[in-house]
Amino acid sequence: METSEPRIVLFDRKMKRNIFLLICCQAIGQSANTMMFTATALSVVTFVSNHGLATLPITMQHIGVMLSVFPAAFLMQRMGRRFGFMTGSVFGMVGATTCALGLYLAFLPLICLGGMILGYAVANLQMYRFAAVELVPARYRSKAISWVTAGGVVAGIIGPSVVEWSYDKVMPLYLATYGCMVGVHVSVFIIMSFITFPSMRAATAGASGIEATQLPARPLWEIATQPRFTASVIAAMVAFGTMSFLMGASPLAIVGCGLPHTEAHWVIFLHVMGMFIPSFFTGHLINRFGVLPVMAVGTAVLFGGVFSALHGIDPWNFRIALTMNGIGWNFLFIGATSLVTTCYRPSERAKAQAMNDFLVFGTTATASFLAGFLQDRLGWFPLNWASIGLISTGGLAVFWLWLQQRQPVAAPLPVD
């Protein structure tokens, strides 16, 4: 007689090899994004007198991410993960080359175009964590996401280190940095060619099961108006918006306060470490204490970073502020992402995730542009005062959801 028990899939050598290579792609590819954040504003101010436009290429990159999420997902659905990711690497090469050419010609619109092209590559980087669960057995999925996300720790070492080494190797400043970014995307393209991904249809069926995939999809408005979905999206927008707002302006503020360029590189390094090192244990904290307490702590840590920034302009004020900013982002954003994944059915996954990412990166694009503008017009301290209102919005969203979950359920009427 045949048994109905599911066959246990072992985490074999091929799976380990694939997930290891994907982690390498995450670590190397994310370093290019770190280099972009570290170098762009400082390279733009070398030839643009209006420093309020210094973060415009980063803003265009975020807009590029928004515009690329749907095309990138559609391409992978038709052609497979590997083809889609390798296409993203090609866009990364072209985007970095365009930025380098714009810097060489001292032509800001060309750098902005390069940033938008790089947005497609970054959109692909955001999908690595979803691809990771398709490479391992079901019981390893949460670990696979953590492993791939933790690749950002290596990126935080590689990115600022390459910027510090390369920024003055070729004139104008940071031209060699963009050249190194091209090399980074070439490396990801090569490594990605050795990864074997399952077909998208097989991955979806294996992840959801037959019964789950047959559940009818609800309208997007019905999904979005759930208190849990609304609060989690607001929290994610605040986490990414605050992070982009302060990180984007910090290199300009550091140099503007008379500190050397190398201090900006060091601060960004500490910031990225704060963003990704907690990934090794954030999931465990959520499982043990609950998602809302972890998100509340993330909000508190973001406030702590702002208070450190408002305390002074010494190097350690910037270092502590941006490190705490990264840690707060990690707790708040990972908690919000965990909540979002509980708000939709498998048949609703694509549109719910797309709406979440569209809103998050829309906020990030706005925040990154305002960062350079407000830093130039008002300065570092008013920028941090303004961020208090943004963080407070996230804290209120978490508190509101906590109140929603504590509302008592109406007792049944007594029976005579």
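Summary of values
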quantity	calculated
Which of 49, 68, 187 is most accessible, then next, and so on - probe 1.4 Å	49, 187, 68
Karplus-derived HN-Hα couplings along the range 336-343 (A = 6.51, B = -1.76, C = 1.60, θ = phi - 60°), whole Hz, x at Gly and Pro	5, 5, 4, 5, 4, 5, 9, 9
Candidate residues 280, 373: accessible-area rank, largest first, probe 1.4 Å	280, 373
Gained length - residue 78 relative to residue 388, 0.36 nm times residue gap less alpha-carbon distance	107.2 nm
Crossing angle, helix 349-377 versus the chain [Cα axis fit, 0-90 degrees, rounded to tens]	20 degrees
Among 273, 60, 127: highest mean-square fluctuation, GNM of the chain, C-alpha pairs under 10 Å	127
Accessible-area order (highest first, 1.4 angstrom probe) of the listed residues 240, 358, 47	358, 47, 240
Accessible area per residue, Å², the chain with all protein chains present, probe 1.4 Å	45 Å²
Paramagnetic reach from residue 316 (point 7 Å along Cα→Cβ, amide N under 14 Å) across the range 344-386	none
Pairwise label distance in nanometres, residue 300 with residue 196, each label 7 Å out on the Cα-Cβ vector	4.9 nm
Vicinal HN-Hα couplings computed from phi for the range 227-237 (Karplus, 6.51 cos²θ - 1.76 cosθ + 1.60; Hz; Gly/Pro x)	x, 5, 5, 4, 5, 5, 5, 4, 5, 5, 4
In Å², nearest 10: area of residue 165 left accessible to a 1.4 Å probe	150 Å²
Distance from the range 39-85 to the range 267-283 (C-alpha centre basis), Å	22 Å
Derived scalar couplings ³J(HN,Hα) [the range 315-323; Karplus, 6.51 cos²θ - 1.76 cosθ + 1.60; whole Hz; x for Gly, Pro]	x, 6, 5, 5, 5, 5, 4, 6, 5
FRET efficiency estimate (nearest 0.05) - Cβ-Cβ, residue 17 to residue 403, R0 30 angstrom	0.05
Most mobile listed residue (341, 59, 38) in the chain, GNM with C-alpha springs under 10 Å	341
Degrees, to the nearest 10: 108-126 long Cα axis against longest axis of the chain	30 degrees
Label-zone membership for the range 156-177, site residue 104, 7 angstrom Cα→C-beta point, backbone N under 13 Å	170-172, 175-177
In Å², nearest 10: area of residue 393 left accessible to a 1.4 Å probe	70 Å²
Between helix 56-79 and the chain: long-axis angle, C-alpha atoms, 0 to 90°, nearest 10	40 degrees
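The values are calculated or read from the model by the stated rules, or taken from the named source; none is laboratory data. Just so it is clear, the model here is predicted, and its values are computed rather than measured. For neighbour counting, all protein chains shown are included, and Cβ atoms are generated from backbone atoms with ideal geometry for every residue, glycine included. Areas reflect the complete protein model, heavy atoms only, side chains present, ligands, DNA and RNA absent. Shrake-Rupley method; radii C 1.70, N 1.55, O 1.52, S 1.80 Å.
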